[in-house]
Amino acid sequence: MRIKRALTIGALLLMSTSLTACGGDDKDQPSEKTSTEAGKPGSEAGGEEKSGGLPSASDIASIEYFLNKSVGCLDLMTGRDYDKSSLAEREPAWGDSDMLDNPAWGIKERAVCKDKYDDIVTLLLTPDMKQFQTTLKEKGYSGILVGKDFALDPDDSQTTHELKSSGLMYLSCDPEAEIPSGYQQEPALVDGCLLTDYFPS
């Protein structure tokens with residue numbers, strides 16, 4: 001009886017070990033997050049949604065960190081400071097400081113930095129993205145990269161193309177724009193504009 005009982009306990013232990021090795025209990029497994037932060041380390045809100053959503057940023061520092069992961073964002077300056085500097089004469093940034101005072105643009109902050117190729121990138125924090133797109137279309141602007149609540153205008157075409165894998169989309173409000181087949185075409189927040197993963201040269 002002792003030998004039979006010992007064999008039975010041994011078999012149970014072996015079965016328990018096998019189940020554990022096969023991952024029978026997945027409580028300790030890391031759960032897949034629905035979103036990851038697009039901004040600075042340590043911030044918790046926003047991020048690029050795994051479900052196909054756009055990258056999100058809560059402030060300029062978050063956008064700076066987002067850029068530094070791929071194309072770089074050095075020598076960051078506020079838009080006002082950049083516009084007053086001698087650099088602006090040689091390399092004008094997208095837009096101007098008056099946009100911040102005009103609620104029609106929906107721009108909360110504007111900044112400028114240098115990418116790794118020493119070309120400028122204009123950073124726009126746009127919490128009211130629908131308003132931003134509305135005015136963009138009304139003013140005849142087109143061709144800017146957008147996230148959920150921010151926009152970027154790289155001055156260098158190589159930088160623009162390197163951001164294709166970042167989750168940003170190209171906003172086009174040009175009625176004559178042609179998107180090659182096979183690329184995404186999604187309605188933007190405003191009629192007459194669309195979002196695409198086709199980044200023209």
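Some observations on this one:
- Each residue of the range 175-184 was assigned a 3J(HN,Hα) from its phi angle through the Karplus expression (A = 6.51, B = -1.76, C = 1.60, θ = phi - 60°), giving x, 9, 5, 10, 9, x, 5, x, 9, 5 Hz with x at Gly and Pro.
- For the range 116-156, the residues whose amide N sits under 16 Å from a probe point set 7 Å from the Cα of Glu176 along the beta carbon direction are 140-143.
- Computed 3J(HN,Hα) for the range 58-75, one whole-Hz value per residue from the Karplus formula 6.51 cos²θ - 1.76 cosθ + 1.60 where θ = phi - 60°, is 8, 7, 5, 4, 5, 5, 4, 5, 4, 5, 5, 6, 9, 9, x, 8, 10, 6, glycine and proline marked x.
- Under 5 Å from the amide H of Glu109 lie the amide H atoms of Leu125, each residue being 5 or more positions distant or on a separate chain, with H modelled from the backbone and absent for Pro and chain starts.
- Thr122 long-range amide H proximity, modeled H, under 5 Å: Trp94, Asp153, Asp155
Since every read-out is calculated from the coordinates, none of them should be taken as a lab result. Keep in mind it's a predicted model, so treat the numbers as computed, not measured. Please note: Cβ atoms are built from the backbone with ideal geometry, for glycine as well, and neighbour counts cover all protein chains shown.
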